[in-house]
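Beneath this line is the structure, given in C-alpha cells, with notes to follow.
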Amino acid sequence: IFEYWPKNSIIRIKLCLYYAFFDFLSSLNSIIYGHHMKAGTMLASIDRYKNAAYYSGHSYMYLYAPGQTYRLDLIAGYSCPHDDEVFATGLTDDQIARFKAKSTFTTNLTDTSGPYVTLCTCSYEHENWRYVVICKKTAI
C-alpha cells in the first residue's frame, strides 16, 4: 500500500512495505503500479508529465522506504500498451534510448544508467494502455 501526493515542486511517495515488496526494490527495474484516481490521488499526478513544461519544474521525486530514501531522477515518460517492454525487470541501454526517443519530455540527465524505478498508471489513449515514468534510482 502506498500514497502518492504532490507537495510544492517535489512529488513524494510514501510506502508501507512488506519484506517481499522491499526486496523487489532491489531489482534493476522496480515497477510501482497505481490507479489514476479521478480525485488526483495515488499515481494520477504522473499524468502531468505528458506536458513537457511540467517536467522543467519537476525533474525528480523522492521515494521513502523503510530505512532508506531514494532520489528518483526522471529519464522518460510515455504512453504504452499494458505489455510494453518497459515492464521487464531488467532494462538495457538500448531500451532506455528507445524510451527517451518516445518520451513526452526531454531529460536533463546525462547518466541514465540503472537501477530504475518505473511508475505506472492507467492512460486512456487506447484500451488497456498505461502511462509510465522511468526514473533513475539513487539512494541518499
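Structure data summary
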quantity: Hits in region 82-95 - residues which are outside any helix (DSSP H, G or I) and either free of Cβ contacts under 8 Å to residues at least 24 places away in the same chain or under 21 Å from Tyr60 (Cβ atoms) (or both); calculated: Asp83, Leu91, Thr92
quantity: Count of residues meeting criterion [assigned to a strand (DSSP E or B) and touching a His at 6+ places or on another chain (Cβ under 6 Å)] in region 105-129; calculated: 2
quantity: Some residue of region 96-104 being modelled with pLDDT of 90 or more, open to solvent by 30 Å² or more (accessible area, probe 1.4 Å) and in a strand (DSSP E or B); calculated: no
quantity: Checking His36 against (1) farther than 20 Å from Ser113 by Cβ; (2) at pLDDT 85 or above, the condition it does not meet; calculated: (2)
quantity: Of residues in region 44-81 being loosely packed, with under 12 Cβ neighbours inside 10 Å and either small (Gly, Ala, Ser) or free of Cβ contacts under 8 Å to residues at least 24 places away in the same chain (or both), the one nearest to Asn128 (Cα to Cα); calculated: Ala53
quantity: Number of positions in region 105-136 that are over 11 Å from Ala76 (Cα atoms) and open to solvent by 20 Å² or more (accessible area, probe 1.4 Å); calculated: 13
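The values are calculated or read from the model by the stated rules, or taken from the named source; none is laboratory data. Keep in mind it's a predicted model, so treat the numbers as computed, not measured. Note that each Cβ is placed from the backbone with ideal geometry, even for glycine, and that neighbours are counted across all protein chains shown. We work out accessible area using only protein heavy atoms, side chains counted, and drop any ligands, DNA or RNA first. Shrake-Rupley method; radii C 1.70, N 1.55, O 1.52, S 1.80 Å.
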